[in-house]
Amino acid sequence: MQTLQNDLLLKTLYQQATPRYPIWLMRQAGRFLVEYRKVREEVGSFKGLLENPEKAAEVTLQPVDILDVDAAIIFSDILVVPESMNCPYLMEEKKGPLFPNPVRDWDSLKNLYLPDVYQSNLRYTLEAIAITKHKLQGRVPLIGFCGAPWTIFAYCTEGSGSKTFSHAKRLLYLNPEFAHEFLELITQATILYLKGQIEKGVDVIQIFDTWAGILSKEDFDSWSLPYIAKICDAITEVPIIVFAKGANFSLENLNQLKCNAISLDWNIPIDIAKKQISKTTQGNLDPCLLYAPQNILIQKVNHLLEIIPENHIVNLGHGLYPDAPRENVIKLIQYVKSFFKK
Ligand code: CP3
């Protein structure tokens, strides 16, 4: 295995001392960069880019070259997993994902299957990982990722994004057996996919449970957490970061997972979260803070860095918004990189 020149992220995940905090940003490989938009336009569509491993590797490397972050995250999407299971989606411009055939009953579930990760659409991302690892030459670690089973279930049953996800949630009450069976199938497909990512060289895995927060604590603990736990138990090769957005009601349970870090949204003060988490933490900065004047941005980041103990990865509480001011993003990264621990 190639040694990493910048091992700040890995060391922080293993709770080893580092001279400064690592920083990377969720959705750093995305529309916020004009350089990304240019490649995306050349290729013509989001899915075209996803299925072009050379170009996917190129946009994965952009934030490392341009922003000088401490990690790369592979350019792909969480929705490639249901697609590989025979539940395809379209990415509608300005509207987001659309599943023409939502899976809401046993008959539709019967049409789904576990993917062959090297033959299905997943192969594009696996190839992009191999190319990216080669091009990175060990400069920084590469993060692979997946959606949490609950979040994937929510998209596949709802058929699109939603404010309420009432189709998805209704199934939990009306057809719990179906829901558990579908969640289990997604979990097994996800584990196969993550094993493929690890084989191609990802150094870290992040699990995104974007829609954790639409569940009550009780429902999160029964419908989301157990399936995240199965993934964490199955993936022993690389460290795992779990991001369950809006699930601050279950931090103590998240802390019991076999994972290395918990990524936090901005709805909980870091000192309160830290009382419930013994693992490394990540995130917690409001993405909208990037619209603030630079002195306020620095003041807030300084406050975070002054009060957190050792083990923290600087990041936002969710993805970068496409209109985040570039100069402020660069300022944030440069500031964190110049902040040496006492
Ligand atoms: O830089 C990175 O973080 C790597 C790439 C990445 C993308 N999607 C690229 C993308 C990652 C990690 C994701 C994860 C993802 N995808 C999540 C979990 C994280 C989150 O943001 O909550 C979710 C819920 C999705 C599903 C998804 N993909 C939606 C709802 C949308 C449309 C809304 C939007 O943000 O545009 C996408 C599209 C998408 N995925 C884009 C990118 C760069 C934008 C589409 C484009 O470029 O045309």
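No value in this document is a laboratory result; all are computed from the given coordinates. Bear in mind that the values here come from a model prediction, so they are computed numbers and not experimental data. A quick note on method: Cβ atoms are made from the backbone with ideal geometry, for glycine too, and the neighbour counts reach across all protein chains shown.
Cross-link pairs exceeding 31 Å in C-alpha to C-alpha distance, out of Lys169/Lys230; Lys230/Lys274; Lys11/Lys331; Lys95/Lys279; Lys11/Lys163; Lys11/Lys133, comprise Lys95/Lys279; Lys11/Lys163.
Remark: relative contact order (the range 34-281) = 17 percent; criterion is Cα-Cα distance under 8 angstrom and separation of 6 or more residues. Toward the positive end of the charge dipole of the range 142-206, with +1 on the Cβ of Lys and Arg and -1 on the Cβ of Asp and Glu, the farthest Cα among Gln188, Phe178, Ala168 is that of Ala168. Would you mind pulling out the separation of the Cα centroids of the range 306-342 and the range 84-113, in Å? First find each Cα centre; the distance between them is then 36 Å. In a fully extended conformation the segment linking Asn111 and Glu199 would gain 28.9 nm over its present Cα-Cα distance, using 0.36 nm per residue. Comparing Cα centroids, the range 116-191 and the range 32-76 end up 20 angstrom apart. With respect to the chain, whose longest principal axis is taken over its alpha-carbon atoms, helix 149-158 is tilted by about 50°. The label-point distance for Ile66 and Ile330, in a model that sets each label 7 Å from Cα toward Cβ, rounds to 1.1 nm.
Taking the DSSP beta bridges with both ends in the chain, the antiparallel portion is around 20 percent. In order along the range 320-337, the Karplus-derived 3J(HN,Hα) couplings, from 6.51 cos²θ - 1.76 cosθ + 1.60 at θ = phi - 60°, round to 4, 7, x, 9, 4, x, 4, 5, 6, 5, 5, 4, 4, 5, 4, 5, 5, 6 Hz, and Gly and Pro are given as x.
A Cβ-based charge dipole, computed about the Cα centre of the range 34-281 with Lys and Arg at +1 and Asp and Glu at -1, lands at about 260 debye.
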